[in-house]
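Participant: Have a look at this one.
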Amino acid sequence: MMPFFQDPALTPLYDKVQSRQRLSREDGLTLFRSRDLLGVGYLANLVRERRHGRRAYYIYNQHLNYANVCINGCRFCAFGKTKDDPQAYTMSLAEVMDKVRARLSEPITEIHIVGGLHPDLPWLYYLDMLRGLKALRPEVHLQAFTAVEIAHLADIAGLSVADTLLALKEAGLGSLPGGGAEVFSPRIRSSLCPKKLSPEGWLQVAQTAHRLGLKTNATMLYGHLETLEERVDHLLRLREAQDESGGFVTFIPLAFHPRNTLLPELPETTGFDDLKNLAVARLLLDNFPHIKAFWIMIGPKLAQLSLAFGADDIDGTVIEEKITHMAGAQTPLGLSRAQLLHLIREAGCEPVERDTLYNVIPS
Ligand code: V47
């Protein structure tokens, strides 16, 4: 029986979703423009349940932001600082190792490593960081360096992107996080991050990684100056890239946090928009296995609700997050396994602990 949608524009999309037809650009716009959040969420949940049933994934992970010195100066970022800024920091390799050594007794399966584009750190720093971490915790998966950092490392190493990735893989790199994609629109990039690696460059790094057997994630930063059309175009470009190279594992919409950025006048994203982005991503990105609600950015309570709006993953313990917290996030720095399990179970889902590549970790 056809479900009742408050927004009749969703009715034809129900037929398409049920018959597994690919949604169009126009369909994406219809979804983003609709005020019928429950209707959009219902559609996204059909896809989510078809792929994952009631399973909801989480990971026991540790974030590590080795340095926030950055030469890009993106207007939306409160984390990146110039070298002489009082809040700038660069961890020595000994400090990086100490951060990980301090948690050796915890069953961490992933270390998620992101920093800025550092003007001075040598190529060897990055290789030695991966080698050192692997020596300290050989069983842990190192998900490190966004595509933007990889392009920067290729520059400082004087190597091609492929050779840079191969050298990092050899040193212990397991996969790439999805940051740095922002919104692919040239209008937004010239206004918010003119110095950043181009969309073509970002996609080229991701697809080169895929061809070398490295999986990567993808993101979209929303809730700043982008239009709904620009969001849809971003998602469709990712979908097209995934058709070609197939190595994206998870898509994570990132909710913009305005505090301490150069856009402090912008409002925070709303719960409506946070859920909408996850649901539309689930529906448009039909070739992405997973959609992740990053609880750090949207809060644990909304991340829990998102499990009924298309998301199948709420990320993990995290332990210590800096990028969103420097931009004013009020969420905790980390959550315990017990808290993650409680959120998932209370949402009526079955918690599944995963590793970075979604292999199930037996409980
Ligand atoms: O690229 C920067 C974003 C990203 C702000 O792969 C901001 O699982 C909100 O890569 N408000 C880096 N976001 C984080 C990242 C990431 C995060 C979570 C999961 C994964 C994954 C990857 O953080 C940047 C940028 O898009 N960011 N400033 C801000 N003020």
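Participant: Consider only pairs whose beta carbons are under 9 Å apart and that are at least six residues apart or on different chains; among these, list those whose first residue lies in segment 93-121 and is assigned to a helix (DSSP H, G or I) and whose second residue is acidic (Asp, Glu).
Facilitator: Leu93/Asp128; Lys99/Glu320
Participant: Can Glu321 be described as closer than 30 Å to Pro107 by Cβ and open to solvent by less than 40 Å² (accessible area, probe 1.4 Å)?
Facilitator: It is true that Glu321 is closer than 30 Å to Pro107 by Cβ and open to solvent by less than 40 Å² (accessible area, probe 1.4 Å).
Participant: Within segment 24-43, identify whether any single residue is free of Cβ contacts under 8 Å to residues at least 60 places away in the same chain, under 19 Å from Asn277 (Cα atoms), of a type in the set (S, T, N, Q) and open to solvent by 30 Å² or more (accessible area, probe 1.4 Å), and answer yes or no.
Facilitator: Yes, segment 24-43 contains at least one residue that is free of Cβ contacts under 8 Å to residues at least 60 places away in the same chain, under 19 Å from Asn277 (Cα atoms), of a type in the set (S, T, N, Q) and open to solvent by 30 Å² or more (accessible area, probe 1.4 Å).
Participant: Quick one: in segment 152-202, of everything that is closer than 24 Å to Asp128 by Cβ, open to solvent by 30 Å² or more (accessible area, probe 1.4 Å) and not aliphatic (A, V, I, L, M), which residue is farthest from the ligand (Cβ to nearest atom)?
Facilitator: Across segment 152-202, the extreme among qualifying residues is Gly158.
Participant: Oh, and also: Select, from Thr216, Thr227, the only residue that is surrounded by 23 or more Cβ atoms within 10 Å (Cβ to Cβ) and of a type in the set (Ser, Thr, Tyr).
Facilitator: On the way: Thr227 fails: surrounded by 23 or more Cβ atoms within 10 Å (Cβ to Cβ).
Residue meeting the stated conditions: Thr216.
Participant: Filter segment 135-151 down to the residues that are closer than 18 Å to Gly247 by Cα and of a type outside the set (A, V, I, L, M), then identify the one that is nearest to the ligand (Cβ to nearest atom).
Facilitator: Thr146
Participant: If a residue must be outside any loop (DSSP other than H, G, I, E, B) and either open to solvent by less than 10 Å² (accessible area, probe 1.4 Å) or within 10 Å of the ligand (Cβ to nearest atom) (or both), how many such residues does segment 254-273 contain?
Facilitator: Matching residues across segment 254-273 total 2.
Participant: A follow-up question, please. With respect to Val96, determine if the residue is out of contact with any Ser or Thr (no Cβ under 6 Å at 6 or more places or on another chain) and either at pLDDT below 95 or among the β-branched types (Val, Ile, Thr) (or both).
Facilitator: Numbers: out of contact with any Ser or Thr (no Cβ under 6 Å at 6 or more places or on another chain): yes; either at pLDDT below 95 or among the β-branched types (Val, Ile, Thr) (or both): yes.
For Val96, the condition - out of contact with any Ser or Thr (no Cβ under 6 Å at 6 or more places or on another chain) and either at pLDDT below 95 or among the β-branched types (Val, Ile, Thr) (or both) - is met.
The values are calculated or read from the model by the stated rules, or taken from the named source; none is laboratory data. This one's a predicted model, so the numbers in the text were calculated from it and none came from an experiment. A quick note on method: Cβ atoms are made from the backbone with ideal geometry, for glycine too, and the neighbour counts reach across all protein chains shown. Ligands, DNA and RNA are excluded from the accessible area calculation, which covers all protein heavy atoms including side chains. Shrake-Rupley method; radii C 1.70, N 1.55, O 1.52, S 1.80 Å.
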